[in-house]
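What follows is a short report on a single structure.
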Amino acid sequence: MALDHALMERARRMGESVLRVYEWASPVLSLGRNQRARDVYDDAELARRGVTVVRRPTGGRALLHHREITYSVTAPTAATQSLAATYGRINEVLLDALGSLGVPATLATPSARSRLPNTTPCFAEPAKGEIVVGGRKLAGSAQWRYGGALLQHGSIIVDDDQVTIPSLMREPAEPSPPPATLREILGRPVQAAEIAEALFQSVRRMEDRAASMLSRAEMDSLDINSQLTLYRDSAWTWRR
């Protein structure tokens, strides 16, 4: 989260967009920026399962980073550029990349309005414009804008462990409907490197043929330490 936040600051300063694709070294429950979480989750159960907790700067609801692939997009943005437009542009890249892997993904068009941030897990139901397969959510995304730049986080499910989130809560919760998974759709395991390459190739096809990787010097120049202070602070994680 600190690195994504630093990349957002870089987008504001340099005027450049960056796509980052990554996995997590251990299970992490991430909370949406404005989601209520204080006194909702069971500390003992989280510790027993080895799950740590972080709060995202982006919105949405809780999701478990473990058997999934996370992406972030950081970019400069103008006040006149609508949220729907930037979501749509990123979704086009995601759909193209998934399609190149043989995933028949589409955009959700639910009849009901999206819920406000609450304790319902992120993958329990798709919101309008999110990526689904057969009506089941495969990828969830949330965006934050500030000071002329945006950060969009997204998660693409490889294997389903999102249904375990209710069992991490202090009060019993209804089981969540299972999301779509890449393993189920493709009938084989999928590695992060494969997803990353598909996404990078889609960026080059659809956005910028000259797109290149950030250099080590560019990564080292990012001011991550000031962001780490925030994301390691329990007052931020449990602020609501």
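The values are calculated or read from the model by the stated rules, or taken from the named source; none is laboratory data. Everything numeric here is computed off the predicted structure, so don't read it as measured data. Backbone-built Cβ (ideal geometry, glycine too); neighbour counts: all protein chains shown.
I'm checking my understanding of the structure. Among residues of the range 207-220 that are surrounded by 12 or more Cβ atoms within 10 Å (Cβ to Cβ) and either out of contact with any helix residue (DSSP H, G or I) (no Cβ under 6 Å at 6 or more places or on another chain) or more than 21 Å from GLY154 (Cβ to Cβ) (or both), which one is modelled with the lowest pLDDT?
Only one residue tops the list, namely GLU207.
Please give the number of the condition LYS128 fails out of (1) part of a loop (DSSP other than H, G, I, E, B); (2) of a type outside the set (S, T, N, Q); (3) touching a residue at least 60 places away in the same chain (Cβ under 8 Å).
(3)
Mind checking which residues of the range 21-42 are among the small types (Gly, Ala, Ser) and out of contact with any Lys or Arg (no Cβ under 7 Å at 6 or more places or on another chain)?
Once the filter is applied, which keeps residues that are among the small types (Gly, Ala, Ser) and out of contact with any Lys or Arg (no Cβ under 7 Å at 6 or more places or on another chain), the range 21-42 yields ALA25, SER26.
Any chance the range 66-83 includes a residue that's modelled with pLDDT under 95, closer than 17 Å to GLN35 by Cα and assigned to a helix (DSSP H, G or I)?
no
Identify, from the list ARG10, ARG20, ARG33, the residue that is in a loop (DSSP other than H, G, I, E, B), of a type in the set (Lys, Arg) and touching a strand residue (DSSP E or B) at 6+ places or on another chain (Cβ under 8 Å).
When all the criteria are applied, what remains is ARG33.
Could you list, in sequence order, the residues of the range 170-186 that are crowded, with 17+ Cβ neighbours inside 10 Å and hydrophobic (A, V, I, L, M, F, W, C)?
Passing the criteria: ALA180, LEU182, ILE185.
Between ARG38, ARG89, ARG67, ARG48, which is within 24 Å of LEU228 (Cβ to Cβ) and of a type in the set (Lys, Arg)?
Exactly one residue qualifies, and that residue is ARG38.
Need a quick list: helices (runs of 4 or more DSSP H) entirely within the range 132-235 having at least 2 residues that are under 18 Å from LEU19 (Cβ atoms) and over 15 Å from the mean Cα position of the chain (by Cα).
It comes to 192-206, 216-220.
When the range 1-50 is examined, which residues are found to be β-branched (Val, Ile, Thr) and either touching a helix residue (DSSP H, G or I) at 6+ places or on another chain (Cβ under 7 Å) or touching a residue at least 60 places away in the same chain (Cβ under 8 Å) (or both)?
Across the range 1-50, the qualifying residues are VAL18, VAL21, VAL40.
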